[in-house]
Amino acid sequence: MIQLDVLQPESCNDCGLCCEGNGSPVVLYTSRPHETGPHPFRPSGLPQHLIDDIDANFLGLYRGQEPQDRCLWFDPTMRTCRHYEWRPMVCHEFELGGTACIETRRPFLAPENQ
Ligand code: SF4
Ligand code: SF4
């Protein structure tokens, strides 16, 4: 379990806590073989090898049906997103230092810093 030095972050470095325990937002990018028209969530230009990897893990699943332990794109060693530039909208909207961020971090604050 990681321990944080400060509650209020200046960056996401060495945190990554919001990428764990909430499923895998990139499941939204899974191919929809029975639907026509543009994909509703996938950004244009998303590299094919990333699409193939997502499909290999999630094809046929909807958000919430995927494994919940950590996001497919989360690197637990570096504690970063492996494809940050392609992260889904929900990840863009998770505000650094916002209420959800702080409450996610609070249980991991080192005892000597509380
Ligand atoms: S947004 Fe907050 S909880 Fe998520 S990785 Fe960054 S600092 Fe951690
Ligand atoms: S796409 Fe990246 S930023 Fe979003 S939850 Fe997954 S690892 Fe975290």
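Just a few scattered comments:
- Of all residues in segment 23-40 being surrounded by 16 or more Cβ atoms within 10 Å (Cβ to Cβ) and either of a type in the set (Lys, Arg) or outside any helix (DSSP H, G or I) (or both), the one that is farthest from the chain's Cα centre (by Cα): Thr30
- Members of segment 1-22 that are within 12 Å of ligand 2 (Cβ to nearest atom) and assigned to a loop (DSSP other than H, G, I, E, B): Cys12, Cys15, Gly16, Gly21, Asn22
- Residue in segment 71-79 that is within 21 Å of Asp5 (Cα to Cα), modelled with pLDDT of 95 or more and in contact with a Cys (Cβ under 7 Å, 6 or more places away or on another chain) present: yes
For (1) touching a residue at least 40 places away in the same chain (Cβ under 8 Å); (2) closer than 21 Å to Gly16 by Cβ; (3) basic (Lys, Arg), each residue gets a yes or a no:
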position	(1), (2), (3)
His34	no, no, no
Ser44	no, no, no
Asn57	no, yes, no
Leu72	yes, yes, no
Arg82	no, yes, yes
Thr104	yes, yes, no
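- Scanning segment 41-63 for residues that are part of a helix (DSSP H, G or I) and not hydrophobic (A, V, I, L, M, F, W, C) turns up Gln48, His49, Asp52, Asp53, Asp55, Asn57.
- Residue in segment 71-102 that is surrounded by the fewest Cβ atoms within 10 Å (Cβ to Cβ), counting only those that are of a type in the set (D, E, K, R) and within 9 Å of ligand 1 (Cβ to nearest atom): Glu95
Matching residues to (1) away from ligand 2 (no atom under 13 Å from the Cβ); (2) among the hydroxyl-bearing types (Ser, Thr, Tyr); (3) farther than 21 Å from Phe41 by Cβ:
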residue	(1), (2), (3)
Asp52	yes, no, no
Glu66	no, no, no
Arg70	no, no, no
Trp73	no, no, no
Trp86	no, no, no
Cys91	no, no, no
Ala100	no, no, no
Arg105	yes, no, yes
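The values are calculated or read from the model by the stated rules, or taken from the named source; none is laboratory data. Just so it is clear, the structure is predicted and the values come from calculations on it, not from any experiment. Reconstructed Cβ throughout: ideal geometry from the backbone, glycine too, with neighbour counts over all protein chains shown.
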